[in-house]
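So the structure is just underneath, and the comments pick up after that.
FYI, it's all coordinate maths here, none of it is from the lab. From a predicted model like this one, the values you see are computed outputs, not experimental measurements. Every residue, glycine as well, gets a Cβ built from its backbone with ideal geometry; the counts of neighbours run over all protein chains shown.
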Amino acid sequence: MDVAVAERLASELLTPLGDRWMHVQAVAAAAREVSAAVDAEERDLLVAAAWLHDIGYAPPIAHLRFHPVDGARFLEAQDAPKRLCALVAHHSCARYEAEERGLTAELSAWELEVSPVMDALCAADMTTGPQGQRFTFAERIAEILSRYGEGSIVHRSVTRAWPDLQTTVERTTARLAAVQPR
């Protein structure tokens, strides 16, 4: 699935969701900005995944109410490439929330990819606020934790995922620094 198709699909399904659509647009822009951290032939995949990472929030496809799996299932039904589906399924350390929700088996339909592309996707998501604001990683984590109550599944998941999420952002930052002209 190319970037234009991903953008169009995300627009069709997420525009009615207001802030979520603003967030997705900004994550796609951030993904473009950090795309130098991945191999040139994978940059379009990164940006397409950014457009689609939250597609599972769209009411017509939100069957489990766990957006990474709902999104990946929908994309798979659209014959999207397996790797794109896996990036959507596992974005931003979704495995922690899947464990909290008892949905590990559902998430395991897609292989967890540990790569510069996944790192860059997570970095773009974890530095973009809910209305598309640019945040530092620490600001984004604080925003998520404040938006969800302390006992909530999301709060517990993000608290557990925090070190792994921070590592993805740090690896992306280091890769970008390595390719920037001095």
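Values for this structure:
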quantity: Where A36 falls short, out of the listed (1) under 18 Å from D125 (Cβ atoms); (2) surrounded by fewer than 22 Cβ atoms within 10 Å (Cβ to Cβ); (3) under 16 Å from the mean Cα position of the chain (by Cα); calculated: (3)
quantity: Looking only at the stretch 64-94, and only at residues there that are under 18 Å from V5 (Cβ atoms) and in contact (Cβ under 8 Å) with a residue 40 or more places away in the chain, the one that is farthest from the chain's Cα centre (by Cα); calculated: Q78
quantity: Output for the stretch 124-140, where each listed residue is under 20 Å from H155 (Cα atoms) and out of contact with any Asp or Glu (no Cβ under 9 Å at 6 or more places or on another chain); calculated: M126, T128, T136, A138, E139
